[in-house]
Ligand SMILES: Cc1cc2nc3c(=O)[nH]c(=O)nc-3n(C[C@H](O)[C@H](O)[C@H](O)COP(=O)(O)OP(=O)(O)OC[C@H]3O[C@@H](n4cnc5c(N)ncnc54)[C@H](O)[C@@H]3O)c2cc1C
Ligand code: SF4
C-alpha cells in the first residue's frame with residue numbers, strides 16, 4: 001500500500017494551477033497535501049485534509065473520483081491520473097488516530113444539530129472547533145445517516161464512523177442523543193426554550209419515491225433504502241428485479257448478490273445507467289444483468305410487467321422475479337415542517353434555504369440532501385462548511 005501511495009505521489013507534477021483541486025467540490029489542497037507527505041510531514045498533511053474536510057476518510061473511499069479530482073488531473077489527458085483517492089485514504093486513516101485534542105475553550109453558547117449524516121456531522125465538528133456546546137439529535141441508534149444505514153460495508157467500513165464518533169464527537173465533548181427524532185416527543189420549539197441559540201437541520205431524504213403502479217404494495221416488493229437499512233431482515237429468494245439504475249440501485253444489487261441472490265436484473269428506463277461508471281462496472285463484474293429502455297407498468301405475484309420506454313402499447317412483457325426492489329431515489333419526510341411554525345418547504349417537501357443555509361426562520365439553518373435533494377457526501381460537506389460560518393455569525397450577532 002505505502003509503496004503504491006508513494007509511487008502515485010511521486011508522479012504528481014505539483015501544478016501551479018492544479019486542475020485536480022478545481023475538480024474537487026470541496027477544493028481539497030491536493031498538490032500541497034502531496035508535497036507535505038513527500039517531505040515526510042505526514043501529520044501536517046493529515047491535519048490539512050481534516051481541517052478542510054472532516055469527512056476526508058469517507059470521501060477518499062466513496063466520492064466519484066473519476067468525475068472529480070482524478071477526472072481533472074492533468075496527467076489523465078495522456079495516461080493515468082494521479083490516484084489521489086488512495087493517497088488521501090492513506091494519509092487520513094494514518095493521521096486519524098493522532099487526533100486526540102479535547103474540546104476548544106467554551107464560548108458559552110449552545111447549538112443543536114438535527115440529523116447526524118455528513119451535513120450534521122460537519123456542522124457539529126466545525127461549531128465545536130469554535131467553542132460551541134453542541135448536541136446532536138439522531139433518530140436512529142447510531143451516527144452516520146446514509147453512511148451507516150445506506151452505503152454497504154464493502155464500500156465503506158463502519159469502523160470509520162465509529163472512529164469518527166470517538167475522535168471528533170466524544171473527545172470534543174459533542175453530545176449525541178440517539179433514537180431521538182425531533183418533531184416527535186421533542187420539537188424545535190422545545191430546543192429553543194432550552195437555550196439553544198441556533199438549530200441546524202440536516203435530516204436528509206428518507207422517504208422512498210414510489211412508482212404509483214398496481215401491485216406496488218404486494219408482499220414481495222420492497223424499497224431500496226429500506227432494504228439497505230438492514231438487508232438481513234429481508235428474504236428475497238433466488239431471482240430479483242431491481243427497478244432503477246442509480247448509485248443506490250447499484251448498492252442494492254451488489255448487496256443482494258452478496259446475500260445469496262442467484263439471478264438479478266436491474267432495469268433502467270433510459271438507454272444507459274445513472275450510476276457512476278465504477279459502480280456499474282463492479283455490478284456487471286459481480287453478475288448483475290442490465291436491461292435498458294423499460295418502464296414498469298404493473299407488479300404481479302409472478303414478477304414485473306415492463307413496456308418499452310418509447311412505445312408502451314403492445315410492448316408489455318412479464319419478467320419473472322421472487323422479489324422486486326424499487327430504487328428510484330428518495331424525497332424528504334415532513335415531520336419537522338409539520339411541527340415547526342413558519343418553516344417553509346418547496347412543493348417536493350425540500351426545505352427552503354439559501355446558499356448559507358438560512359431558512360424561513362432566522363434561528364434555523366439547513367443544508368445537505370434535505371435542502372438540495374438526493375446528492376453526494378462531498379456536496380453536503382461543502383455546503384455545510386458555508387452554513388457553519390453563517391450560524392457562527394448569527395449566534396455572535398445575537399449574543
Ligand atoms: C444507497 C445510497 C448510496 C449512496 N452512495 C453515495 C456515494 O457512493 N457517494 C456519495 O458521495 N454519495 C452517496 N450517496 C448520497 C449521500 O449519502 C447523501 O448525499 C448524504 O448522505 C447526504 O447527507 P445528509 O447529512 O444531508 O443526510 P443523511 O445522510 O440522509 O443523514 C440524515 C440524518 O438525519 C436523521 N434524521 C432524519 N430525520 C430526523 C429527525 N426528525 N430527528 C433526528 N434525526 C433525523 C437520519 O436518521 C440521518 O441519520 C448515496 C445515497 C444512498 C441512499
Ligand atoms: S492535476 Fe494531477 S499532477 Fe497536477 S497537481 Fe493535481 S494531482 Fe498533481
Hey, residue 110 hits all of (1) within 16 Å of ligand 2 (Cβ to nearest atom); (2) out of contact with any helix residue (DSSP H, G or I) (no Cβ under 8 Å at 6 or more places or on another chain) but one; which does it fall short on?
(1)
Per the list (1) within 30 Å of residue 361 (Cβ to Cβ); (2) surrounded by fewer than 16 Cβ atoms within 10 Å (Cβ to Cβ); (3) in contact with a strand residue (DSSP E or B) (Cβ under 7 Å, 6 or more places away or on another chain), residue check on residue 218 breaks on (1)
Out of the stretch 311-353, which residues are farther than 30 Å from residue 376 by Cβ and either part of a strand (DSSP E or B) or free of Cβ contacts under 8 Å to residues at least 12 places away in the same chain (or both)?
311, 313, 314, 315, 317, 318, 319, 320
Kindly indicate the residue of the stretch 67-93 that is in a loop (DSSP other than H, G, I, E, B) and more than 14 Å from residue 6 (Cβ to Cβ) and also nearest to ligand 2 (Cβ to nearest atom) among those meeting that condition.
73
Restricting to the stretch 325-338, give me the number of residues that are farther than 17 Å from residue 146 by Cα, at pLDDT 95 or above and within 10 Å of ligand 1 (Cβ to nearest atom).
1
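Residues being more than 7 Å from ligand 1 (Cβ to nearest atom), part of a loop (DSSP other than H, G, I, E, B) and buried (at least 23 other Cβ atoms within 10 Å of the Cβ): count how many of those fall in the stretch 131-141. It would help to see each step written out before you state the result.
Start the filter on the stretch 131-141 by keeping residues that are more than 7 Å from ligand 1 (Cβ to nearest atom), which leaves 131-136, 141.
Checking which are part of a loop (DSSP other than H, G, I, E, B) leaves us with 131-132, 141.
Now narrow it down to the ones that are buried (at least 23 other Cβ atoms within 10 Å of the Cβ): 132.
Number of matching residues: 1.
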Output the qualifying pairs, or none if there are none: Cβ atoms under 6 angstrom, residues six or more apart or on different chains, first residue in the stretch 276-298 and over 21 Å from residue 63 (Cα atoms) and assigned to a strand (DSSP E or B), second residue at pLDDT 95 or above and within 16 Å of ligand 1 (Cβ to nearest atom).
290/266; 296/243
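Of the residues 274, 256, 245, which single one is under 21 Å from the mean Cα position of the chain (by Cα) and at pLDDT below 95? Steps first, please.
Numbers: 256 fails: at pLDDT below 95; 245 fails: at pLDDT below 95.
When all the criteria are applied, what remains is 274.
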Expected single match for under 15 Å from the mean Cα position of the chain (by Cα), within 9 Å of ligand 1 (Cβ to nearest atom) and in contact (Cβ under 8 Å) with a residue 24 or more places away in the chain among 145, 183 is 145
Only listed residue being farther than 30 Å from residue 63 by Cβ, within 14 Å of ligand 1 (Cβ to nearest atom) and touching a residue at least 12 places away in the same chain (Cβ under 8 Å), chosen from 188, 213, 225:
188
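Listed here are the residues, each with its yes/no results for (1) within 24 Å of the chain's Cα centre (by Cα); (2) more than 16 Å from ligand 1 (Cβ to nearest atom); (3) in contact (Cβ under 8 Å) with a residue 40 or more places away in the chain; (4) surrounded by fewer than 23 Cβ atoms within 10 Å (Cβ to Cβ).
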position: 16; (1), (2), (3), (4): no, yes, no, yes
position: 29; (1), (2), (3), (4): yes, yes, no, yes
position: 48; (1), (2), (3), (4): yes, yes, no, yes
position: 60; (1), (2), (3), (4): yes, no, no, no
position: 64; (1), (2), (3), (4): yes, no, yes, yes
position: 72; (1), (2), (3), (4): yes, yes, yes, yes
position: 76; (1), (2), (3), (4): no, yes, no, yes
Residues that are in a helix (DSSP H, G or I), farther than 12 Å from residue 91 by Cβ and within 8 Å of ligand 2 (Cβ to nearest atom), drawn from the stretch 1-33
11, 19, 20, 21, 31
Matching residues, the stretch 306-322, being surrounded by 15 or more Cβ atoms within 10 Å (Cβ to Cβ) and closer than 18 Å to residue 263 by Cβ
306, 319, 321, 322
Among the residues of the stretch 370-399, which ones are touching a strand residue (DSSP E or B) at 6+ places or on another chain (Cβ under 8 Å) and in a helix (DSSP H, G or I)?
370, 371, 387, 390, 391, 394, 395
Does any residue of the stretch 99-107 turn out to be crowded, with 23+ Cβ neighbours inside 10 Å and either at pLDDT below 95 or more than 14 Å from ligand 2 (Cβ to nearest atom) (or both)?
no
When residue 144 is evaluated against the numbered criteria (1) within 14 Å of residue 377 (Cβ to Cβ); (2) within 16 Å of ligand 2 (Cβ to nearest atom), which criterion, by number, is the only one it fails?
(2)
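Of everything in the stretch 165-180 that's closer than 15 Å to residue 54 by Cβ and touching a residue at least 60 places away in the same chain (Cβ under 8 Å), which residue is surrounded by the fewest Cβ atoms within 10 Å (Cβ to Cβ)? Even if it seems obvious, please write down each step before you answer.
Here is the first cut: in the stretch 165-180, the residues closer than 15 Å to residue 54 by Cβ are 165-172, 174.
Applying the additional criterion that residues be touching a residue at least 60 places away in the same chain (Cβ under 8 Å) yields 167-168, 171-172.
Details: 167: 19, 168: 23, 171: 15, 172: 18.
Filtering first and then ranking leaves 171.
The values are calculated or read from the model by the stated rules, or taken from the named source; none is laboratory data. Just so it is clear, the model here is predicted, and its values are computed rather than measured. Don't worry about glycine lacking a Cβ; one is built from the backbone with ideal geometry, like all the others, and counts go over all protein chains shown.
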